[in-house]
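Reviewing the structure listed below.
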Amino acid sequence: MAGSARGLFRATGKKSKPVAVRDLAGDIVMADALEREKDDFYPTPPEPTRAILSAELRRLRDFHTVWEPAAGDGAMVREMESVGLTVRASDLIDRGCGADIRSFYDFPAAPSPAILTNPPFAECGWGNGKARWLTHALDNLGVEYMALLMNWGFPGAGGLGPFWAKHPAARVYLMRWKIDFTGQGAPPMLNAWFVWDRQHRGETVLRMLDRADARQAEMFGEVAA
């Protein structure tokens, strides 16, 4: 269908439903839509990173370093380092986390064979991005492992069929809670971790992911000791 949902609402005379957001005083109020941040910068809350680390830490420890190429303010870097991973951070914009300030597409070779990140969604869909992020990582850089935090509906994006045929995910973890990236309340969608792993053989594995912390076993072990 041509045109956006907003255009459809205008054409039919209908309005999109207001959403509940948190104002500056911390109160929940109704607004026409969520406000978007400059450069689509939404730091990842700790829970999604801790959850995927609880599921994939053993595999990630196979690598000397893990690359976070959309490091932002270092939110995910700090979580990975807290479980003993060595992280190489980079980003297009300097947000004070000590990352290499460099475009993802300017890397002719991957600084690590493993990527774990919350990537720019527009670069992963088919619209303007034409799956550019995905193909650069898997085809141009040839990374061995990549875990991306994405919208649960991402695989259904039009135009991605050939990509999925060539690069099926190894594992998909559906998070059974909604992530509030904006701090405005009213998380709009479910998210999932999509993991590509060249070590994997067979069909894509779907798993459910609850809030968890990879450090729990270590903490309990210390208590038991």
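The values are calculated or read from the model by the stated rules, or taken from the named source; none is laboratory data. This structure is a prediction, so every number in the text was calculated from the model and none was measured. Methodologically, a virtual Cβ is constructed for each residue, glycine included, from the backbone with ideal geometry; neighbour enumeration extends over all protein chains shown.
At-a-glance table
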read-out	value
Within region 69-95, considering residues that are of a type in the set (Lys, Arg) and either outside any loop (DSSP other than H, G, I, E, B) or not assigned by TED's automatic domain parsing to the domain that holds Asp106 (or both), the one surrounded by the most Cβ atoms within 10 Å (Cβ to Cβ)	Arg88
Candidate set from region 169-202 (those that are among the aliphatic types (A, V, I, L, M) and crowded, with 16+ Cβ neighbours inside 10 Å); member that is modelled with the lowest pLDDT	Ala186
Residues of region 40-68 satisfying the condition of being under 25 Å from Arg102 (Cβ atoms) and not in a helix (DSSP H, G or I)	Phe41, Tyr42, Pro43, Thr44, Phe63, His64, Thr65, Val66, Trp67, Glu68
Members of region 103-127 found to be in a helix (DSSP H, G or I) and either surrounded by 17 or more Cβ atoms within 10 Å (Cβ to Cβ) or modelled with pLDDT under 95 (or both), listed by number	Phe104, Phe121, Ala122, Glu123
Neighbours by Cβ (under 9 Å, 6+ apart or cross-chain): first from region 147-161, among the aromatic types (Phe, Trp, Tyr); second in a loop (DSSP other than H, G, I, E, B) and modelled with pLDDT under 95	Trp152/Met189; Phe154/Cys124; Phe154/Gly125; Phe154/Leu160
Residue check for Gly159: out of contact with any Ser or Thr (no Cβ under 7 Å at 6 or more places or on another chain), buried (at least 18 other Cβ atoms within 10 Å of the Cβ) and not in a strand (DSSP E or B)	no
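Every residue, every condition in (1) out of contact with any Phe, Trp or Tyr (no Cβ under 8 Å at 6 or more places or on another chain); (2) within 14 Å of Pro43 (Cα to Cα), yes or no:
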{"position": "Asp91", "(1), (2)": "yes, yes"}
{"position": "Asp94", "(1), (2)": "yes, yes"}
{"position": "Ala99", "(1), (2)": "yes, no"}
{"position": "Ser103", "(1), (2)": "yes, no"}
{"position": "Ala110", "(1), (2)": "no, no"}
{"position": "Ala114", "(1), (2)": "no, no"}
{"position": "Ala122", "(1), (2)": "yes, no"}
{"position": "Trp126", "(1), (2)": "yes, no"}
{"position": "Lys130", "(1), (2)": "yes, no"}
